[in-house]
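The values are calculated or read from the model by the stated rules, or taken from the named source; none is laboratory data. It should be emphasised that the depicted structure is a prediction, and the values quoted were computed from it without experimental measurement. Cβ placement follows ideal geometry from the backbone for every residue including glycine, while neighbour counts extend to all protein chains displayed.
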Amino acid sequence: MKRLVSLSAFAALLMAGTAQAQQVSVKIGVMSDMSSLYADIGGPGSTAAAKLAIADFVKANPNVKVDLVSADHQNKADVGSGVVNKWYDTENVDLVIDVPNSGVALAVSQIATTKNKVFIVSGAAASDLTGPKCSPNTVHWTYDTWMLANGTGKALVKTGGDTWFFLTADYAFGHALERDTAAAVEANGGKVLGKVRHPLNTNDFSSFLLQAQTSKAKIVGLANAGGDTINAIKAGAEFGIVKGGQKFAGLLVFASDVNAMGLATAQGLTLTETWYWDLNDNNRAWTKRWQTERAAAGKFPTMVQAGVYSGVTHYLKAVVALKGAKDGKAVVAQMKKTPTDDPLFGKGTIRADGRKIHDAYLLEVKAPAESKHPGDFYKLKATIPAAEAFRPLKDGNCPLVSG
């Protein structure tokens, strides 16, 4: 009889424990550009990456329930802010991730701080997100303008590209990328001869490229991204920028951009990324899954989309460690406390300022004859160690960092 009671008590405890474990539930919102110039960088591909991360985590942790929603910010801070406020206030979203537009991302970071939720930036680049605008609720995951500037900019100056002219997207991201790259160029002995700013999502670059040609700068630095970068480089080919002895620096170029332009147009571009689908077997295996989830056999994932997978994975680990806590600051503190480790970015850390630290790669786009298979885009020129890839903590002016 005692044995029967003991077994019954054990079963009750087991059921109670299981019920308690099942209470770990979270809701994630992928906020991205779903339909415009950054849609291939993030967009539906970021949603697919989040789905893969959730599937992998729930398979290993069946007591965790994750709901996923997504929305298009239309590259407008007011639109993005409206959606995120609604998500946080009435739809019980705990984490917003991605946001490839620095203006939108800076607005979302403020909202996450005010409402004590979590924001992981994979798509936006402005280094201010871990500088003066840092937040205890925000983690900047994949890359930033300082990393891009000190990878591509520094490398080109050291190999003779010592005079620069910038074509800059006229909003927060472009301004930050131009600022950080100009600083890197000048710190390494180069000189900025001029700049011109263009509206976001520009189709006609002729007047801007004419100014770049007139400057006679050796390097035309493209402080833009996505469709703007693609359009500028295509127009530059028609203008004879490269044939005239100048060289484009793609300060933010993604695999999706190279795929859209084709190697014949993009060949020779120097760029910096933190993840490349064809770099190793893990990345290649994940890419096949992503292509299936995305239903996009001819597309290749970007570092932004890989960052969404990695960021979601680490976030879920922190939530489980805190037994489903909804306190955004506490979750981000746990994320910073715990070393990162996932199949795509490997081992890393998150600093006090919210900057995720990992290696970066200096790459060059292959000529068509060098490419061995679809998506074989890059030659690896150098690996930039994690300790050197991002701005030193002391230099960011983040209020969260003492001293």
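Results, tabulated for the structure shown:
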| read-out | value |
| --- | --- |
| Among the residues listed as Ala155, Ala124, Ala184, the single one being of a type in the set (A, V, I, L, M, F, W, C) and surrounded by 24 or more Cβ atoms within 10 Å (Cβ to Cβ) | Ala124 |
| Residue within region 41-61 that is in the same structural domain as Ala285 (by TED's automatic domain parsing), over 21 Å from Thr292 (Cα atoms) and touching a residue at least 24 places away in the same chain (Cβ under 8 Å) present | yes |
| Every residue from region 46-74 that is of a type in the set (Gly, Ala, Ser) and closer than 13 Å to Ile97 by Cα | Ser46, Ala48, Ala49, Ala50, Ala53, Ser70, Ala71 |
| Among (1) in a loop (DSSP other than H, G, I, E, B); (2) buried (at least 18 other Cβ atoms within 10 Å of the Cβ); (3) small (Gly, Ala, Ser) - the single one Ala249 does not satisfy | (1) |
| Options Val64, Val96: the member that is modelled with pLDDT of 95 or more, over 16 Å from the mean Cα position of the chain (by Cα) and surrounded by 13 or more Cβ atoms within 10 Å (Cβ to Cβ) | Val64 |
| Count of residues meeting criterion [surrounded by fewer than 24 Cβ atoms within 10 Å (Cβ to Cβ), closer than 30 Å to Tyr378 by Cα, in contact (Cβ under 8 Å) with a residue 24 or more places away in the chain and among the polar types (S, T, N, Q)] in region 288-338 | 1 |
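Matching residues to (1) in contact with a Lys or Arg (Cβ under 6 Å, 6 or more places away or on another chain); (2) in a helix (DSSP H, G or I); (3) of a type in the set (Ser, Thr, Tyr):
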site: Tyr143; (1), (2), (3): no, no, yes
site: Asn150; (1), (2), (3): no, yes, no
site: Gly174; (1), (2), (3): no, yes, no
site: Leu177; (1), (2), (3): no, yes, no
site: Glu186; (1), (2), (3): no, yes, no
site: Leu200; (1), (2), (3): no, no, no
site: Ile233; (1), (2), (3): no, yes, no
